Amino acid sequence: MASEDPRTVRLTSPMLKAVSHPLRRRILELMHEDVPRRAADLAELVGAPANSVSFHLRQLAGAGLIVEAPEHARDRRDRVWMAAGSGYTIPTPATPPSPEDELVLRSFLDQEALDLHDLVARVTAWAPDWGSGRDTTPRAAIQTGLVELTQEDARWLSDTLQDVMSQAVERSRRPTEEPRRLWRLVAILADDSLPAPGETTRDPQETTRDA
């Protein structure tokens, strides 16, 4: 819903297939267009062998999701990578996918849903330890709420959330002596009338008119 940056990469079927692997999705989340990354650096962040990360980087590059950045290399053997754009987005109504590509898109989003379910399960399993004082280290925060918005308001809020994420990425690049670890941010802004899978979409204004 956020205003699309012209540098944003629209995910194609080959790209979606490339990120079907969970480690590739994790690596891609750490890639930014102005932050050079080496396989060894990424391997340390994701806790995987460097040779395995190198393989997955080549797969992501072959799909056009990342590009080499030789200007940041120390020598000819040094391979450095950056994101192909400022971000990634799935097809929209303005440019709908083909039936074949839609199957790939649905498969990708199904995996994204499983990842989110796993994240929520881990956070809610930890929350009682925080509330009871058994774990005094802040590890997660979940904020939910309902607010009445116009379509324009919703677009503004979506853009604002994207701006906050960009600011967080910028802060992550600042030199510091404090140790860093990976934090996952998931911002979901959704029409509360969205139906469950298999149900029929119903315009909330129809409910108002029927009342």
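The values are calculated or read from the model by the stated rules, or taken from the named source; none is laboratory data. Quick caveat, the model's predicted, so the values are computed rather than measured. When we count neighbours, we look across all protein chains shown, and the Cβ atoms used for this are built from the backbone with ideal geometry, even at glycine. The accessibility values were calculated without ligands, DNA or RNA, using every heavy atom of the protein model including side chains. Shrake-Rupley method; radii C 1.70, N 1.55, O 1.52, S 1.80 Å.
One chain, two ends: residue 143 and residue 116. Fully extended at 0.36 nm per residue, the span grows by 8.2 nm beyond their Cα-Cα distance. Full extension of the segment from residue 10 to residue 130, taken as 0.36 nm per residue of separation minus the current Cα-Cα distance, would add 39.2 nm. Under 5 Å between amide hydrogens, built in the peptide plane, is the criterion, and for residue 35 it picks out 83 among residues at least 5 positions away or on other chains.
Amide H to amide H distances under 5 Å link residue 9 with 86, 87, 88, 89, where only residues 5 or more positions off or on other chains count and H is placed in the peptide plane.
For segment 114-206, the gyration tensor built on C-alpha atoms gives an oblate shape. Its axis ratio a/c (a ≥ b ≥ c) is at least 1.5, and a/b is not larger than b/c. Note on segment 43-199: dipole from Cβ charges, positive end direction compared against 54, 196, 142; the farthest Cα belongs to 54. Solvent-accessible surface of segment 1-105, averaged per residue with a 1.4 angstrom probe and all protein chains in place: 57 square angstrom. Across the chain, C-alpha contacts under 8 Å between residues 6 or more apart give a mean separation that, scaled by the residue count, equals a relative contact order of 23 percent. Overall, the chain carries a charge dipole of about 1180 debye about its Cα centre when +1 sits on the Cβ of Lys and Arg and -1 on the Cβ of Asp and Glu, all other atoms neutral. For residue 95, the solvent-accessible surface computed with a 1.4 Å probe is close to 70 Å², ligands and nucleic acids excluded.
Note on the chain: GNM, Cα springs under 10 Å; of 125, 39, 50, the largest mean-square fluctuation is that of 125.
If you plug the beta carbon distance of residue 171 and residue 103 into 1/(1 + (r/R0)^6) with R0 = 25 Å, you get a FRET efficiency near 0.05. Mean residue ellipticity, 222 nm, helices only, the chain: the sum of -39500 (n - 2.57) across DSSP H runs of n ≥ 4, divided by residue count and rounded to 500, is -15000 deg cm²/dmol. Of all the options 74, 58, 24, the one that moves most in a Gaussian network model of the chain with Cα springs shorter than 10 angstrom is 74. Working note: Karplus 6.51/-1.76/1.60 with θ = phi - 60° gives segment 157-171 the couplings 5, 4, 5, 5, 4, 5, 5, 4, 4, 4, 5, 5, 4, 4, 5 Hz, where Gly and Pro are set to x.
The accessible area of residue 130, taken with all protein chains in place and a 1.4 Å probe, comes to roughly 120 Å². For segment 76-87, backbone phi angles converted through the Karplus equation (6.51, -1.76, 1.60; θ = phi - 60°) give residue-by-residue couplings of 5, 8, 7, 9, 10, 10, 9, 5, 6, x, 7, x Hz, Gly and Pro being listed as x. Whole-Hz Karplus values for segment 96-110 come out as x, x, 6, x, 5, 5, 5, 5, 5, 4, 5, 5, 4, 5, 4 Hz, taken residue by residue from phi with 6.51 cos²θ - 1.76 cosθ + 1.60 and θ = phi - 60°; glycine and proline positions read x.
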